[in-house]
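The values are calculated or read from the model by the stated rules, or taken from the named source; none is laboratory data. Quick caveat, the model's predicted, so the values are computed rather than measured. A quick note on method: Cβ atoms are made from the backbone with ideal geometry, for glycine too, and the neighbour counts reach across all protein chains shown. When the accessible area is computed, the model is the full protein with side chains, heavy atoms only, and any ligands, DNA or RNA have been set aside. Shrake-Rupley method; radii C 1.70, N 1.55, O 1.52, S 1.80 Å.
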Amino acid sequence: MASIGVLGRFATSLVLWCLVHLHIELVRADDEVHATDLLQQKYLLHQNCGFAPGIHLVKLPKLQRQFAFVVPRGRVESSRGAPVFMFFHGVYQTPWFSINILGLPDMLERYGWFGVLPFGKHFQTEGSMGGLRQCCSDLCHSDECCLDARNITTQNQEAVCGFWPNELDKNLEMIDEIFQWMTGLGCIDTSKVFAGGFSYGATLVQDLACARSWQFRGLAPDVAPGDDEDQGLLHLGQCQNATPVTYVSFCGTKDIAHCYLNSLAKAETVANQTLCSRSEVRRESATVNCTVWSGCHAGHVVESCMVYRLDHEIPGRVAPDGTTFLHPGSDLDYTKYVFEKFSLQVASDQLRFFGHPTQAEEDWKQSVWPPKKMYDNGYLREALAGRGLLTLPNHRVSITSTIEYESMRASG
């Protein structure tokens, strides 16, 4: 009997040992997944947003589509859930390109919102489940090159992918599936979803103003093609059942896809469906004029901005592949501007840090001199404080030389 008891204790110990090591291996595997940003992994639904901060790859097997899900370190803790910004890339690009050029992670962190960036698909193919390399430049030969978006795709028709206007139904089906996925999370306010897009991605965003205005709270298309081949719903005037929506569009006077031919007319269509009363042209800066409508329903904003000599680019941003002409600093920053406009459509508790400092916090800070320092959210403080110094020789304030000047004017 004693030997049986010893054997039983041994068996119990062996089971515990196996469970502990299995847990360790699961943790290691989980760490490996997070190290690769969950790319190429089958994604399981996590209730209550149990996501690690970073970029996750979410696959929709039923539709053979996928999207990047950007999770900030600190999201808004609203009972309504957090808002979402969705962005649709242009042809020859990827969500990785969009994340880089928009500076999206820092902006989402500042607001405490989530980001969703769907992948387009190759022309005349049925799906886009290629994982990290989906839509990646055929000039890239490593994951790092693809994620950094250092190369744009060649004009090889088999390599490029996008949101093709003649496949609107399939793109809308994908969007509906994403909304269903977001609803199941329990931490996203699906009534506060905003979208932007570039080029053909912007054409899709314009289509949403007609076909899904009830689903999106705000839209921001940039340089949507306006040539004779424009088959978008706004261009065709097929918006009979559209509802009010915030709409901020950008176009350049030198756009090679001729967005300037009808960008204003498209915005006017949205202004009509949003019940705006009148419009005026505002000179926002030396290089930007915006036609702005007022009196719009439910505080919505409708604007159409024209940027002087901007070609097929995102204003105020520099592409990671080095193909952007440098423009005057007076150009509006697309990312910053559209987020500011979208903020008008969310509740105050859906803006991170809204209402701070409280009076108690201010009293605490001023209770001693020098004022007390803040140590919360250090990663964000460092990112914000370091802006504007990268062009200095040492990336920090330092003295290059000291000069004494004596006036030559006679005294007295």
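Based on what the data block shows, is residue 346 open to solvent by less than 50 Å² (accessible area, probe 1.4 Å) and out of contact with any helix residue (DSSP H, G or I) (no Cβ under 7 Å at 6 or more places or on another chain)? Let's see the steps before the verdict.
On the way: open to solvent by less than 50 Å² (accessible area, probe 1.4 Å): yes; out of contact with any helix residue (DSSP H, G or I) (no Cβ under 7 Å at 6 or more places or on another chain): yes.
For residue 346, the condition - open to solvent by less than 50 Å² (accessible area, probe 1.4 Å) and out of contact with any helix residue (DSSP H, G or I) (no Cβ under 7 Å at 6 or more places or on another chain) - is met.
Tell me which residues, restricted to the range 267-299, are hydroxyl-bearing (Ser, Thr, Tyr) and assigned to a helix (DSSP H, G or I). Let's see the steps before the verdict.
Step one: filter the range 267-299 for residues hydroxyl-bearing (Ser, Thr, Tyr), giving 269, 274, 277, 279, 285, 287, 291, 294.
Passing the criteria: only 269.
Checking residue 309 against (1) among the basic types (Lys, Arg); (2) closer than 16 Å to residue 255 by Cα; (3) within 19 Å of the chain's Cα centre (by Cα), which test does it fail?
The single condition residue 309 does not satisfy is (3).
Could you list, in sequence order, all residues of the range 237-255 that are open to solvent by 80 Å² or more (accessible area, probe 1.4 Å) and either closer than 16 Å to residue 195 by Cβ or modelled with pLDDT under 95 (or both)? So that I can check it myself, show each step before the final result.
Narrowing the range 237-255 to residues open to solvent by 80 Å² or more (accessible area, probe 1.4 Å): 238, 240-241, 254.
If the condition is that a residue be open to solvent by 80 Å² or more (accessible area, probe 1.4 Å) and either closer than 16 Å to residue 195 by Cβ or modelled with pLDDT under 95 (or both), then 238, 240, 241 are the ones that fit.
Would you mind stating whether residue 98 is surrounded by 22 or more Cβ atoms within 10 Å (Cβ to Cβ), of a type in the set (Gly, Ala, Ser) and at pLDDT 90 or above? Lay out the reasoning, then the answer.
Details: surrounded by 22 or more Cβ atoms within 10 Å (Cβ to Cβ): yes; of a type in the set (Gly, Ala, Ser): yes; at pLDDT 90 or above: yes.
Yes; evaluated as a whole, the condition is true for this residue.
Can you tell which of 97, 69, 163 is aromatic (Phe, Trp, Tyr) and over 20 Å from residue 312 (Cα atoms)? I'd like the intermediate steps shown before the answer.
Working: 97 fails: over 20 Å from residue 312 (Cα atoms); 163 fails: over 20 Å from residue 312 (Cα atoms).
Among 97, 69, 163, only 69 is aromatic (Phe, Trp, Tyr) and over 20 Å from residue 312 (Cα atoms).
Would you say residue 199 is under 21 Å from residue 320 (Cα atoms) and under 18 Å from the mean Cα position of the chain (by Cα)? Spell out how you get there, then give the answer.
Details: under 21 Å from residue 320 (Cα atoms): yes; under 18 Å from the mean Cα position of the chain (by Cα): yes.
Yes; evaluated as a whole, the condition is true for this residue.
Residues checked against (1) open to solvent by less than 100 Å² (accessible area, probe 1.4 Å); (2) outside any loop (DSSP other than H, G, I, E, B); (3) over 30 Å from residue 112 (Cβ atoms); (4) in contact (Cβ under 8 Å) with a residue 60 or more places away in the chain:
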| position | (1), (2), (3), (4) |
| --- | --- |
| 373 | no, no, no, no |
| 376 | yes, no, no, no |
| 380 | yes, yes, no, yes |
| 388 | yes, no, no, no |
| 391 | no, no, no, no |
| 396 | no, no, no, no |
| 399 | no, no, yes, no |
| 403 | no, no, yes, no |
| 406 | no, no, yes, no |
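State all residues of the range 101-142 that are charged (D, E, K, R), crowded, with 16+ Cβ neighbours inside 10 Å and either under 18 Å from the mean Cα position of the chain (by Cα) or at pLDDT 95 or above (or both); if no residue qualifies, say none.
Within the range 101-142, 109, 110 meet the criteria.
Any residue in the range 155-166 that is open to solvent by less than 70 Å² (accessible area, probe 1.4 Å), of a type outside the set (S, T, N, Q), touching a residue at least 24 places away in the same chain (Cβ under 8 Å) and within 12 Å of residue 97 (Cα to Cα)?
Looking for residues that are open to solvent by less than 70 Å² (accessible area, probe 1.4 Å), of a type outside the set (S, T, N, Q), touching a residue at least 24 places away in the same chain (Cβ under 8 Å) and within 12 Å of residue 97 (Cα to Cα), one finds none in the range 155-166, hence no.
Out of everything in the range 144-153 that is open to solvent by 20 Å² or more (accessible area, probe 1.4 Å) and touching a residue at least 24 places away in the same chain (Cβ under 8 Å), what residue ends up being farthest from residue 319 (Cα to Cα)? Before you say what the answer is, go through the steps one by one.
Pass one, the range 144-153, residues open to solvent by 20 Å² or more (accessible area, probe 1.4 Å): 144-145, 147-148, 150-152.
From what's left, touching a residue at least 24 places away in the same chain (Cβ under 8 Å): 147-148, 150-152.
On the way: 147: 13, 148: 11, 150: 9, 151: 10, 152: 10 Å.
Among those residues, the one meeting the criterion is 147.
Going by the structure shown, is residue 203 closer than 20 Å to residue 86 by Cβ, of a type in the set (Val, Ile, Thr) and open to solvent by 10 Å² or more (accessible area, probe 1.4 Å)?
Working: closer than 20 Å to residue 86 by Cβ: yes; of a type in the set (Val, Ile, Thr): yes; open to solvent by 10 Å² or more (accessible area, probe 1.4 Å): no.
For residue 203, the condition - closer than 20 Å to residue 86 by Cβ, of a type in the set (Val, Ile, Thr) and open to solvent by 10 Å² or more (accessible area, probe 1.4 Å) - is not met.
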